[in-house]
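Trainee: A single structure is presented below for examination.
The values are calculated or read from the model by the stated rules, or taken from the named source; none is laboratory data. Not measured: the values here are computed from a predicted model. A quick note on method: Cβ atoms are made from the backbone with ideal geometry, for glycine too, and the neighbour counts reach across all protein chains shown.
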Amino acid sequence: MSTHIPQELVDIIMDNLDDDIPSLKSCSLAARTFVSSAQIQIFRKIEITPPTHPLSLSSSCQKLYKLLTSSPHLAPLVDELCIVLVGSETSFEYDADGQYLEDRHVTWIMSGRKTLALILALLDLKRISLVENAPVDWNSYGQFSMKWNELGGHLKSELSRIFSSPGLESVHLRGIVVESPYQLLSLFSEATSLKEMSLSRVYFTKRWDQRDPWPESQTWQPQLRSLLLSDIASDTFCRHLVNPRINLTRVNSLTIVTEGSDWREKIIQATHGSVVDLRIRYLQEPGTGVFKSIIGPNLRSLPSPLFG
């Protein structure tokens, strides 16, 4: 004998469980009434982690592809995808000589396997992250990062489609090698709904004097509300966001981690006082008067600078 559970009660339970995936799974197993609502919560945000071994046949990527193809109704539920480029599969421990115990390696996304591209082809994402969860000195100069121009053709095409999608709202990149600032910015230039962008550990293959910026004759479509820029342990790129064709006047949350104080202040000035939440990291204590130049009419509080 089945027991009917009012939909209002189901909604309340689901709202309270939110991201508690184990409890959501338990509910869906306990009563069929919960299955549909639980699936919406469970598949809203998906994380793909690196395989535990380069030749592993049971990676999270392959398991996800099998699930999405066997149950086609699940793919439209995925709003957010986090792709971990380097993570817990890698040991970051040192030996007695201060060297990494485990040989460093290029991120798995460069392996040429097609499964990730096949997954992306099934999804219409609102948020995407590709992040390198490794110590800064593990990957100096982007030697082991995702190299955009060397990605497999199908994967590069699917990522380009998502980056330029009119439905994309948020992008987070940490650990990418591109030709130039222009190529980096062109990835998102058509993303008309992009509101949040976080960029760090960005490396360029072109020499510093050949790194073409975003052209002042070309429109950059995103209207950002939240922006995080860090060019520490990275090639310098923050300055390239200061451009007449890149509109930062709607940014209300701004985080800047950069060595160059001049460009840091120019980015803040480019927001025209729209910033409400401001975070700054200084590598050395700023001189007197620096805060005067960053105070805008909407700033709720002076940022507490972090040193080091």
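Trainee: When you look at E196, is it closer than 26 Å to G87 by Cα, of a type in the set (D, E), modelled with pLDDT of 95 or more and out of contact with any Gly (no Cβ under 8 Å at 6 or more places or on another chain), yes or no? Break it down stepwise before answering.
Mentor: On the way: closer than 26 Å to G87 by Cα: yes; of a type in the set (D, E): yes; modelled with pLDDT of 95 or more: yes; out of contact with any Gly (no Cβ under 8 Å at 6 or more places or on another chain): yes.
Criteria met by E196.
Trainee: Somewhere in the stretch 224-242, is a residue closer than 23 Å to L299 by Cβ, β-branched (V, I, T) and either touching a helix residue (DSSP H, G or I) at 6+ places or on another chain (Cβ under 9 Å) or surrounded by 20 or more Cβ atoms within 10 Å (Cβ to Cβ) (or both)?
Mentor: Looking for residues that are closer than 23 Å to L299 by Cβ, β-branched (V, I, T) and either touching a helix residue (DSSP H, G or I) at 6+ places or on another chain (Cβ under 9 Å) or surrounded by 20 or more Cβ atoms within 10 Å (Cβ to Cβ) (or both), one finds at least one in the stretch 224-242, hence yes.
Trainee: Can you tell me which residue is modelled with the lowest pLDDT among those in the stretch 139-153 that are surrounded by 15 or more Cβ atoms within 10 Å (Cβ to Cβ) and either of a type in the set (V, I, T) or out of contact with any strand residue (DSSP E or B) (no Cβ under 6 Å at 6 or more places or on another chain) (or both)?
Mentor: Applying the first criterion (surrounded by 15 or more Cβ atoms within 10 Å (Cβ to Cβ)) to the stretch 139-153 yields 139, 142, 144-148, 151-152.
Retained after the next criterion (residues that are either of a type in the set (V, I, T) or out of contact with any strand residue (DSSP E or B) (no Cβ under 6 Å at 6 or more places or on another chain) (or both)): 139, 144, 151-152.
Values: N139: 77, F144: 84, L151: 95, G152: 93.
Result: N139.
Trainee: Right, something else. Report the residue count in the stretch 215-254 for those that are in a loop (DSSP other than H, G, I, E, B) and of a type in the set (A, V, I, L, M). Can you show your working first?
Mentor: Pass one, the stretch 215-254, residues in a loop (DSSP other than H, G, I, E, B): 215-225, 231-237, 242-252.
Applying the additional criterion that residues be of a type in the set (A, V, I, L, M) yields 224, 232-233, 242, 246, 248, 251.
Final tally of qualifying residues: 7.
Trainee: Turning to a different aspect of this structure: Just to be sure, is L64 under 30 Å from H172 (Cβ atoms), assigned to a helix (DSSP H, G or I) and at pLDDT 90 or above? Spell out how you get there, then give the answer.
Mentor: Values: under 30 Å from H172 (Cβ atoms): yes; assigned to a helix (DSSP H, G or I): yes; at pLDDT 90 or above: yes.
Yes: the conditions hold for L64.
Trainee: Right, here's the next one. Residues to consider are E216, E158; find the one that is among the charged types (D, E, K, R) and crowded, with 16+ Cβ neighbours inside 10 Å.
Mentor: E158
Trainee: Could you list, in sequence order, all residues of the stretch 206-227 that are modelled with pLDDT under 95 and hydroxyl-bearing (S, T, Y)?
Mentor: If the condition is that a residue be modelled with pLDDT under 95 and hydroxyl-bearing (S, T, Y), then S217, T219 are the ones that fit.
Trainee: Can you pull out every residue in the stretch 243-269 that is polar (S, T, N, Q), at pLDDT 90 or above and touching a helix residue (DSSP H, G or I) at 6+ places or on another chain (Cβ under 8 Å)? I'd like the intermediate steps shown before the answer.
Mentor: Let us first name the residues in the stretch 243-269 that are polar (S, T, N, Q), namely 243, 247, 249, 252-253, 255, 258, 261, 269.
Now restrict to residues that are at pLDDT 90 or above: 243, 247, 249, 252-253, 255, 269.
Residues satisfying the conditions are T249, Q269.
Trainee: Can I ask one more? Have a look at D262, D212 and point out the one that is over 17 Å from the mean Cα position of the chain (by Cα) and in a loop (DSSP other than H, G, I, E, B). Even if it seems obvious, please write down each step before you answer.
Mentor: Working: D262 fails: in a loop (DSSP other than H, G, I, E, B).
One residue alone meets the criteria, D212.
Trainee: Applying the selection to the stretch 224-254, what residues are of a type in the set (S, T, N, Q) and either out of contact with any Ser or Thr (no Cβ under 8 Å at 6 or more places or on another chain) or more than 16 Å from S193 (Cβ to Cβ) (or both)? Before the answer, list the steps.
Mentor: Step one: list which residues in the stretch 224-254 are of a type in the set (S, T, N, Q), which gives 226, 230, 234, 236, 243, 247, 249, 252-253.
Passing the criteria: S230, S234, T236, N243, N247, T249, N252, S253.
Trainee: Just give me the residues in the stretch 257-275 being surrounded by 17 or more Cβ atoms within 10 Å (Cβ to Cβ) and within 19 Å of Q223 (Cβ to Cβ), in sequence order.
Mentor: Answer for the stretch 257-275, where residues must be surrounded by 17 or more Cβ atoms within 10 Å (Cβ to Cβ) and within 19 Å of Q223 (Cβ to Cβ): I267, I268, A270, T271, S274, V275.
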